[in-house]
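The next block holds one structure in the form of structure tokens; read it before the comments.
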Amino acid sequence: MSAVIPAPQLPAPAPARSPGVWRAAWQRLRHDRVGMACLMIVGAFAVLILIATLGLIAADWQREVGLPYAPPAFVGPDRDEAQQAIAAPKGPPVDLSDVDPLAPRYAEWRERAARFQTAETVKSPTLPFGGDRLGRDVLAKAIKGAQISIFVGVFAALLATLIGTVLGALGGYVGGKVGDFLEWVYNVFTSIPDILLIFAFAAVFGRGIETVILILGLAGWTGMYRQVRAEYIKHRTREYVRAAEAIGVSHRARMFVHILPNVSHVILVRLSLLVVGFIKAEVILSFLGLGVPVDQVSWGTMLAEANVELVLGKWWQLAAATAFMATFVTAFSLLTDALRDALDPKLR
């Protein structure tokens, strides 16, 4: 009788691992057409800012390439204003020989100086998006202004988000005397109107792009702190946090590895509001002369210049700055809403 050979035992299949929080959020975002379209628009602005930072485009935005108030190309040249701009005022010749003994030599000196002068640059009567009062290209200014305004808005919002998230996590998770002290700091900041607080910081720190970022970040963290603190108070007693505590997970890991991903949708919504609000705040500061330096351009300085140009019927600088700002702000807000839906644990 032959012996029965036992069948070889196959290894047990490994348990299927569920996708991580961020991978699952990306999979949900990919199915959101509006979110992906806004992601592409925001990405295009990011590439535009990178190229402008490298000096490949809009580097010569200060160059006067057109006539003053040159209209957009699709409107066509304004012949009357072009002729007035290029026409030099002429007057009757004045004999200065009686009062200036060197007057007879002026003509000779002008001829000698003309030999060393370069040919005068021919200025265009129209530009793609029009020109400002000095003949600078409005499109180049809008691109360079996007670099400054978005840089200020995004980095100031990130600074405020970092401060508000860290302080809110400490206040909501630790509580006790730490929470009471942070609540006192929060009440001190919120007792002062935001615009007065911004002006006070601006008067102390002066002007400059980095200064504007610091001012807005220090003045705008309170709303983020309040929301994050409330979320941490709600989540710190939930089962998954208790389970992490039972297996010996540290407090820092519980705060920023376990709880933070579950409140990230709230942070993203607040972040989008901060970016939009800080871009508007930069406009106000630049309009009042407390924003970016005078040798820089932003959407705020363009709108400040357009305020005077509208009286003369020159609308194209206002239209260019508004179009760029509205496109970015709308796309960024809708993208943040899509990310919030992708990261919201209640919608998984």
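The values are calculated or read from the model by the stated rules, or taken from the named source; none is laboratory data. Nothing here was measured: the structure is a model prediction, and the numbers come from that model. Please note: Cβ atoms are built from the backbone with ideal geometry, for glycine as well, and neighbour counts cover all protein chains shown.
Does the range 296-311 hold any residues that are over 18 Å from the mean Cα position of the chain (by Cα), within 16 Å of ALA140 (Cβ to Cβ) and in contact (Cβ under 8 Å) with a residue 40 or more places away in the chain, and which are they? Passing the criteria: only GLU305. Taking (1) touching a residue at least 24 places away in the same chain (Cβ under 8 Å); (2) within 28 Å of TRP221 (Cβ to Cβ) in turn, LYS314 satisfies each apart from (2). For the range 255-265, taking the residues that are hydrophobic (A, V, I, L, M, F, W, C) and surrounded by fewer than 18 Cβ atoms within 10 Å (Cβ to Cβ), the one that is farthest from SER191 (Cα to Cα) is identified as VAL257.
Residues of the range 278-310 that are assigned to a helix (DSSP H, G or I), polar (S, T, N, Q) and within 15 Å of THR211 (Cβ to Cβ): SER286 alone.
The residue list VAL275, VAL269 contains one member that is touching a residue at least 60 places away in the same chain (Cβ under 8 Å), part of a helix (DSSP H, G or I), among the hydrophobic types (A, V, I, L, M, F, W, C) and in contact with a Lys or Arg (Cβ under 7 Å, 6 or more places away or on another chain), which is VAL269.
Counting only residues that are in a helix (DSSP H, G or I), basic (Lys, Arg) and surrounded by fewer than 16 Cβ atoms within 10 Å (Cβ to Cβ), the range 198-240 holds 1 of them.
Of the listed requirements (1) closer than 21 Å to ILE163 by Cβ; (2) surrounded by 20 or more Cβ atoms within 10 Å (Cβ to Cβ), ARG252 misses just one: (2). Please indicate, with yes or no, whether at least one residue in the range 150-159 is outside any helix (DSSP H, G or I) and either out of contact with any Leu (no Cβ under 9 Å at 6 or more places or on another chain) or at pLDDT 90 or above (or both). Looking for residues that are outside any helix (DSSP H, G or I) and either out of contact with any Leu (no Cβ under 9 Å at 6 or more places or on another chain) or at pLDDT 90 or above (or both), one finds none in the range 150-159, hence no.
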